[in-house]
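Reviewing the structure listed below.
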Amino acid sequence: MALPTDFTFTDYDPYNFADRRHIGPSPVEMAAMLKTVGYSSLDALIDDTVPSSIRLKTPLKWDKPLTEREALDKMRETANLNQKLVSLIGQGYYGTITPPVIQRTILENPAWYTAYTPYQPEISQGRLEALLNYQTMVSDLTGLDIANASLLDESTAAAEAMAMAQRVAKSKSLTFFADENCHPQNIALLRTRAEPLGWNVVVGNPFTDLDTNNVFGAIFQYPGTHGHVHDFTPLMDKLHAAGAIGIVIADPLALCLLKSPGEMGADIAVGTTQRFGVPVGYGGPHAAYMAVKDEWKRSMPGRLVGVSVDARGNRAYRLSLQTREQHIRREKATSNICTAQVLLAVMASMYAVFHGPQGLKAIAQSVHQKTVRLAKGLEKLGYTVEPGTFFDTITIEVGKLQGVILKAAEAEEVNLRKIGNDRIGISLDERSRPVTLEAVWRAFGGDFKIEEFQPDWRLPEEMLRTSQYLTHPIFHMNRAESEMTRYIRRLSDRDLALDRSMIPLGSCTMKLNATAEMLPITWPEFAEIHPFVPDHQALGYKVMLDDLSQKLCDVTGYDAFSMQPNSGAQGEYAGLLTIRNYHFARGDNHRDVCLIPMSAHGTNPASAQMAGMKVVPVKASDNGDIDIADFRAQAEKHAANLSCVMITYPSTHGVFEETVREICDITHAHGGQVYLDGANMNAMVGLARPGDIGSDVSHLNLHKTFCIPHGGGGPGMGPIGVKAHLAPHLPGHPESDGKDGAVSAAPFGSASILPISWSYILMMGGEGLTQATKVAILNANYIAARLKGAYDVLYTSDKGRVAHECIIDTRPLQASSGVSVEDIAKRLIDCGFHAPTMSWPVAGTLMIEPTESETKAEIDRFCDAMLAIREETRAIEAGTMDRDNNPLKNAPHTVQDLVGDWDRPYSREQACFPPGAFRVDKYWPPVNRVDNVYGDRNLVCSCPPVSDYLEAAE
Ligand SMILES: *Cc1c(COP(=O)(O)O)cnc(C)c1O
């Protein structure tokens, strides 16, 4: 059959990921947007925005980009290179069963994983409730008064606990004691953290080596890394008598059966909630926890969810106290934790809701009884099993047989822990089955059936838990799956995440987290690999880590990458330690001054302080750029002791500063190193490279530029790239190269989320990534153009351009109409939007970052909302709207505002359906404006008592 004469072949490629999925505006939309900005082509706009002096000369050139299907095939191939054995290695990582309802409705649900940290409480009530459940769970299990909403991993939590102990202890000693039974990675991180701060870590047997009079604190692992279950009560008493702090690293599953740290008198408890339904994932991500006595609550690092009230007096949740404390306290901040592990904390809390105290206890008992049966079999074979009483972990003397047994176990598809040259450790878990035990026995030369051994108890009797936990009704709800599904759905419906609208948070890069990128992370071949398996079992991970590192080197112009840091702030810390090690290796131990511009992100000075550096602030000039004269003066003044400078590029003001090369040159001339905060890489990928500009080290926020979702405040990954001269000084790890300086519990941080960034890069290709950067810049300049006249755009280049974000100044409105930046942020909720970044880097401003993923229609909806808000302020200026009783001051409005009496001088229609808001798919915040002051004065950080629920029901 002949083709009709008017038939043409299309060049449209429906599978091109860059064009059709990831980049929002279509070519037609881009043309219209460019016209608004005043350019005839995208390249002309970019030429006017990114200084030619820093532009990349040769474009990123890799293989042809993959389609979604090809990328998934590649991920499958890579995953299959990992060998999924049953790992009984323990050491802080255990098999666990993720309840399918939690996997599907939380971990695989964009309503949960694409949300941001809940700084705007009115649009975050769902995840705030889930986090409050988490805090309640942790505080109950540990027997301590107050718990935070997660930390990065157990080892960093232990280091944070040590630092907190040093702050609050009466003892002025600079020595800290660590139980030799702590997991090796925990001891490694204590050492890393202590060294630059001048603290001494003594490791030993707490019952014979601990000199309580000469320490500011001590930390114990419970159960110990080799299975011992000790009562630390007498040590706590002695520590307290000497004005020192007692810390217990506790396994939350063990706490279901054993006396809690609180009952021992501990001041602080930390640990990981990994085994509450979060797969090991070759090291992470999982949520660590910290709980403290009431008297220390104001010194606790990390985020803390609290209960407050809204404008109607209804209960509302919010982040309390130290929210964004780094931005306020800078180098005096108590820690640099910004991104934590919210998504994983939500999963762990739902695991507790799913099982309730009864279920958790049953799981703990079953794990214990399996371990007892295993021990009995090994004893029958003539082995000595240590310790006499235990929870889930035993240690076996095997002498010269170690190698043979480990090999035999591997042949049975079981990994055991190698301890020294003559012992083997085994930890059982929720997933261990009779066949698992039988395989272990065979490896030790025994042919038993599990029925041959009675499941007795070998828990120390005096340590049995008698106190209750998880008594709150939330942990006793009907566990029918219909109830669970609806509870999780109700919570996510209360929140605004990327699945509903753009989230224009400047500096946070809330871009598309494509489904194809997300799929592989729950595949067992990635999710169920223990971080300490032999290298040959993790070849898939190796292939991915190598290729991803190489591509990130290509993107940044660095020579080597460390994948260890599991957040941006941890990357800063690791990068600064790398610089510090470099100076030390050259005998320049005195170099400890770190220059940081005033506009820097708060984690910069906090990380510098943790790395033992003295922070010297550098002024900004009126246009927001680094004041080059002041910079030069400070660099000269501190030349002898200059360690480094920390700059952000493009600047946190959203501008490509022309002076960046000069700043690098001045720094190097004075013997310093340049740390370039890579949080704004979304404005540079494919256009410019930090390594070419003159920087020596950067972290990349893979959860910003490289598509890992923010998860409501974590997980994240903050790998660091360095120039060759710094590569030998990157962090080591006791379980990989055996070197010092570990900054994360696992050698590759939160390795299991790396397939997201890797598949993003593979599907975009070099050209696609470059196009994404250009469109991110176009989208930001389009917003600046559309809002011009209504709002002042604060900082622009001399050509009038912004980079990938723009700052609008709302301070004039405060003066003319009494409307604050917060009023605007809350009014945006009525319009169906998450507010842009508020009051950072400049108080009273909004920093807007649309990213390349947003379409013209969505950006227009946002601009329409912003322009309508400006009109409302004009009505106040003109006196036609009341200064105090207006839609801005009363925002956000809820469904409650649609019913009952209405005595406001504006209509319900105007209140609830301003421009931007959808008619049918309207987002309704569950609460009116939340009262922050009330919440801090009346600090409640666990689930409110039942009586409150009864009141609410009346
Ligand atoms: C987000 C951000 C950080 C911190 O990253 P986290 O992953 O949240 O620790 C540091 N600097 C800048 C400029 C950022 O935007």
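The values are calculated or read from the model by the stated rules, or taken from the named source; none is laboratory data. A quick note: this is a predicted structure, and the numbers were derived from the prediction, not measured. When we count neighbours, we look across all protein chains shown, and the Cβ atoms used for this are built from the backbone with ideal geometry, even at glycine.
Observations, loosely collected:
- Cβ-Cβ under 7 Å pairs, at least 6 apart or on other chains, region 596-610 side over 17 Å from D622 (Cα atoms), far side within 8 Å of the ligand (Cβ to nearest atom) and of a type in the set (V, I, T): H601/T648; H601/T652
- Any hit, region 487-504, residues being within 16 Å of the ligand (Cβ to nearest atom), under 30 Å from E849 (Cα atoms), in contact with a helix residue (DSSP H, G or I) (Cβ under 9 Å, 6 or more places away or on another chain) and not in a helix (DSSP H, G or I): yes
- Of all residues in region 450-465, those that are free of Cβ contacts under 8 Å to residues at least 60 places away in the same chain and either in contact with an Asp or Glu (Cβ under 6 Å, 6 or more places away or on another chain) or under 22 Å from L141 (Cβ atoms) (or both) total 1.
- Pairs with Cβ under 6 Å, 6+ apart, first in region 567-591 and more than 30 Å from G714 (Cβ to Cβ), second assigned to a helix (DSSP H, G or I) and away from the ligand (no atom under 16 Å from the Cβ): H590/N641; R591/H583; R591/N641
- Entirely in region 509-557, the helices (runs of 4 or more DSSP H) that have 2 or more residues that are more than 20 Å from the chain's Cα centre (by Cα): 524-527, 539-556
Yes/no matrix, rows are residues, columns are (1) surrounded by 23 or more Cβ atoms within 10 Å (Cβ to Cβ); (2) in a strand (DSSP E or B); (3) within 26 Å of the chain's Cα centre (by Cα):
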residue	(1), (2), (3)
I579	yes, no, yes
N589	no, no, no
H601	yes, no, yes
F656	yes, no, no
G671	no, no, no
D692	no, no, no
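- Selection status of A911, among the small types (G, A, S), within 24 Å of S817 (Cβ to Cβ) and touching a Cys at 6+ places or on another chain (Cβ under 7 Å): no
- Residue check for F631: within 21 Å of I54 (Cα to Cα) and modelled with pLDDT under 95: no
- Any hit, region 615-622, residues being among the basic types (K, R), surrounded by fewer than 20 Cβ atoms within 10 Å (Cβ to Cβ) and away from the ligand (no atom under 15 Å from the Cβ): yes
- Filtered residue count, region 159-203, keeping only those that are assigned to a helix (DSSP H, G or I) and hydrophobic (A, V, I, L, M, F, W, C): 13
- Sole residue being more than 23 Å from E805 (Cβ to Cβ), of a type outside the set (F, W, Y) and within 16 Å of the ligand (Cβ to nearest atom), chosen from A608, A629, A635: A608
- Check on A825, among the hydrophobic types (A, V, I, L, M, F, W, C) and modelled with pLDDT of 95 or more: yes
- When every residue of region 285-305 is checked against the conditions, none turns out to be β-branched (V, I, T), more than 16 Å from the ligand (Cβ to nearest atom) and farther than 24 Å from M164 by Cα.
A quick yes/no check of all residues on (1) in contact with a Cys (Cβ under 7 Å, 6 or more places away or on another chain); (2) crowded, with 22+ Cβ neighbours inside 10 Å; (3) farther than 22 Å from P184 by Cα:
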residue	(1), (2), (3)
V404	no, no, yes
A409	no, yes, yes
E413	no, no, yes
L416	no, yes, no
D422	no, no, no
L428	no, yes, no
S432	no, yes, yes
L437	no, yes, yes
R442	no, no, yes
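- Pairing residues of region 676-701 that are more than 11 Å from A776 (Cβ to Cβ) and without any contact (Cβ under 8 Å) to a residue 60 or more places away in the chain with residues that are among the β-branched types (V, I, T) and within 16 Å of the ligand (Cβ to nearest atom), at Cβ distances under 8 Å and at least 6 apart in sequence or on separate chains, gives L676/I647; L676/T648; L676/V697; G694/V660; G694/V674; S695/I647; S695/V674.
- Among the candidates R330, R315, residue that is charged (D, E, K, R), within 16 Å of the ligand (Cβ to nearest atom) and surrounded by fewer than 24 Cβ atoms within 10 Å (Cβ to Cβ): R330
- Single residue of region 169-210 satisfying the filter (of a type in the set (S, T, N, Q) and without any contact (Cβ under 8 Å) to a residue 60 or more places away in the chain) that is surrounded by the most Cβ atoms within 10 Å (Cβ to Cβ): N181
- Selected residue (criterion: surrounded by the fewest Cβ atoms within 10 Å (Cβ to Cβ)) from residues of region 623-650 that are of a type in the set (D, E, K, R) and assigned to a loop (DSSP other than H, G, I, E, B): D627
- Residue among A746, A772 that is in a loop (DSSP other than H, G, I, E, B), modelled with pLDDT of 95 or more, aliphatic (A, V, I, L, M) and away from the ligand (no atom under 16 Å from the Cβ): A746
- Residue check for S335: within 16 Å of the ligand (Cβ to nearest atom), more than 13 Å from A149 (Cβ to Cβ), of a type in the set (S, T, N, Q) and in contact with a Gly (Cβ under 8 Å, 6 or more places away or on another chain): yes
- Which listed residue, of L676, L642, L726, L687, is of a type in the set (A, V, I, L, M) and within 16 Å of the ligand (Cβ to nearest atom): L676
- Boolean, Q771 is out of contact with any strand residue (DSSP E or B) (no Cβ under 8 Å at 6 or more places or on another chain) and in contact (Cβ under 8 Å) with a residue 60 or more places away in the chain: yes
- Boolean, S308 is polar (S, T, N, Q), more than 21 Å from M610 (Cα to Cα) and at pLDDT below 95: yes
- Positions within region 120-151 being in contact with a Ser or Thr (Cβ under 7 Å, 6 or more places away or on another chain) and in a loop (DSSP other than H, G, I, E, B), in sequence order: G143, D145
- Residues that are assigned to a loop (DSSP other than H, G, I, E, B), at pLDDT 95 or above and over 18 Å from V101 (Cα atoms) are absent from region 349-357.
- Residue list for region 644-658, restricted to those being touching a strand residue (DSSP E or B) at 6+ places or on another chain (Cβ under 7 Å) and among the polar types (S, T, N, Q): T648
- Condition check for S467: within 36 Å of the chain's Cα centre (by Cα) and under 21 Å from H230 (Cβ atoms): yes
- When residues in region 923-938 are screened for being of a type in the set (F, W, Y) and part of a helix (DSSP H, G or I), 1 of them pass.
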